[in-house]
Structures are given as C-alpha cells and as structure tokens.
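The structure appears right after this line, and notes come after that.
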Amino acid sequence: MGILSTLTKILVVLLSLFAIFLCSMMVSYVGSATNYKALYESEKLARQAVQAENFSLNDRYNEQVAKTKELENKKELELQSLQERNNQLASNLQKTERLSQEYQSRAESWKGVMTGLEQSVASMLESLKLTREQLEKARAQNIKDQKELNQITAKLNEKFVELQRLEAHRKMLIEQKTDLEKQVTDLTNTKGPVSLGSVTQIPGQKAQPAPTITASEIQGLVTEINQSLVTLSVGTADGVKEGMTFHITRGSEFLCDVKVTDVDVNKCAGVLEMVQQRPKVGDTAAIGL
Amino acid sequence: MAKRKIIVSSNVYTAILALAFLAVLATATFVACQCGTQYGWSSLFQIVQTGR
C-alpha cells in the first residue's frame, strides 16, 4: 500500500485535473475556432468574381471609351459642318435681307408706277369709249354717205351713158349733114339747084332707139380678185346694174356667183357667193349660163 | 482516541490517471477530426498550402 508517496498522489491528482482543464480549454477553442479555409475559399471565389467583373467592366469601359471617342469625333465633324452651314446660312440670310429690302423698294416704286398706269388706263378707257362712240357715228355716217354716193354714181353713169349715146347720135348727124352738103354741092355743080330732101329729123318722128343689150347677153371676164371681192370687165355701158348676179365659169365648170355691189362705166365689182372653187383672172362671167 | 488515518487504495489514482488520459485522447481525436474536416486530412501531417 505504500507504493505511491503522498507527493506522487498529489501530483497525479493535480496533473489529471490540469490535463482535463487543458483538454476542455482546447475543445472549447477548437470548437469555436473560425474555419479559415472555407473563409479563404469564399473570399477567393468572391475575388475571382470581382476580378471577372472587373475585367468585363474594363472591357466595357474600353468599349465605351472607344465609342465615346468615335462619337466625339463624329460630333466634332458634325459640329464643324453645322458651324459652316450656320455661317453660310447667316451669309445667305444677310443677302436675302438685302434683296428683300431692295425688292421692297422696287415694289414701292412699281406700286407708284402701277397707280399712275391705272389712272392713265382709266383715262384711256374713257377716251376709247368716246372714240368708239365717235367711230360708230362715223361708220353710220359713212354707210349713209356710201349709199348716197352709190346712188349719185349710178345716176352719173346713166347720164354718162346717155351723153355718150347723144354724142354718137350727134356725130352721126354731122356725118349725114356733111354727106348731104357734098351731095348738094355735086348736084349744084352738075344740074343746078334741086330740092333738098329732109336731112334733119322731122319733128314728131321718133328717133330710132339705140340698140339695147338684154341682161341675159351681158358677158365679161374676171379682171381682178381681192379675197371675197371680184372685179369684172363689164359696167353700166354694158347694162350692168347694182344687185345683178353673175355666174363665174371656167369652160363648162361652174365656179361661183358674184353679186354686183358697185358699178362703174366699164367695170363693176361684187362679192362672192355660193363658192365652189376660187375664181381666177380670165374666167368668164355671165348673167345666164 | 487515537486519530484514524484514511488510506486510499492506489487503484483510485490509476483511475484518475486513466480518466485524464482518456480526456486527452478524446481531445486529440476531436481536434484531429476538426482539422481534417476543415483543412483536409493531409493537413494532419503537413502545413496547408495556399491554392494559388
């Protein structure tokens, strides 16, 4: 029983208690210790994720920087072009304003001119109206005078024809008188005085009328053509009167009619009617076909 | 009356030593298990390297 001394026993007990105390301390420490490996792994993963995100952000940043530079260059060019355009537009605006002022001044001057023109046109219209009225009066007077002139011309032509007839008769009488005087002289020289026959027309005895030309025998030629007015080679001496209608033919072909509106001694003029063909100078004009 | 001396048998001290030994053993086992599960079983006999 006396193998272990008292000191040994005390040491055994104290050593055991100290060992148990240390073990409990160790267990509590290890149990509550942080798992650094897991923490390291999680931090490593977080770091890798952050690095990847950083790389992608860097890429995006570089991309955005490149785009920004490109846009900046583009915008700078656009800005330059816009500035040039702005300068050009400003110069154009100045030119346009200058032209506008010039045109406004021109418009003012033209306005004054137009006002004067309107007044002059109004006065000219008034004078034109008066002139037309005077012209109408003059035309009416002219028509009236023309009718009177035609009547006077017709009467004059009749007188002229009668005068020509009387002149011819006078010449014939003078010739008869000359012949009779010659006969009387011859008889006086040969037989002595003889009774003279009547050499003058016996009063009461009708003079033989000059041969008259019937209207159906009048025939002439076309001498002149002026649009719708035709001149013929027959006149009052041939028995033509105003209002007669001549038929114009060429050979056996009917061309047109001419209604006589103006008659002279040796010619007459008329207007075309029933025109089948245009007549020519030299075509035949006759009253009867 | 004479003072009686209490005498403890030596088996009690053996038991105390055994208990202390078991406590130390259990602690070592626990620490080893924790180390193996958290840092790998290879870390029992070598220093853990960083996984770079």
If you take the residues of the stretch B:22-41 that are more than 8 Å from every other protein chain (Cβ to nearest Cβ) and over 23 Å from A:Ala38 (Cα atoms), which of them is surrounded by the most Cβ atoms within 10 Å (Cβ to Cβ)? B:Leu22
Among the residues of the stretch A:29-42, is there at least one that is closer than 18 Å to B:Ala15 by Cβ and either without any contact (Cβ under 8 Å) to a residue 12 or more places away in the chain or more than 7 Å from chain B (Cβ to nearest Cβ) (or both)? no
Residue tally, condition modelled with pLDDT of 90 or more, part of a strand (DSSP E or B) and not β-branched (Val, Ile, Thr), over the stretch A:263-285: 4
What residue, among those in the stretch B:1-47 that are in a loop (DSSP other than H, G, I, E, B) and at pLDDT 75 or above, is farthest from A:Leu15 (Cα to Cα)? B:Gly40
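Here is a yes/no grid of residues against (1) surrounded by 15 or more Cβ atoms within 10 Å (Cβ to Cβ); (2) touching a Ser or Thr at 6+ places or on another chain (Cβ under 7 Å); (3) closer than 21 Å to A:Leu149 by Cβ; (4) of a type in the set (D, E, K, R):
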position	(1), (2), (3), (4)
A:Thr223	yes, yes, no, no
A:Asn226	no, no, yes, no
A:Asp238	yes, no, no, yes
A:Met244	yes, no, yes, no
A:Gly251	no, no, no, no
A:Asp257	yes, yes, no, yes
A:Val260	yes, no, yes, no
A:Val275	no, no, no, no
A:Arg278	no, no, no, yes
What number of residues in the stretch A:1-33 are surrounded by 13 or more Cβ atoms within 10 Å (Cβ to Cβ) and small (Gly, Ala, Ser)? 2
Criterion violated by A:Glu53 - all others in (1) within 10 Å of chain B (Cβ to nearest Cβ); (2) more than 23 Å from B:Ile47 (Cα to Cα) satisfied: (1)
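The values are calculated or read from the model by the stated rules, or taken from the named source; none is laboratory data. Since this is a predicted model, take the numbers as computed values, not measurements. Neighbour counts run over all protein chains shown; Cβ positions are idealised from the backbone, glycine included.
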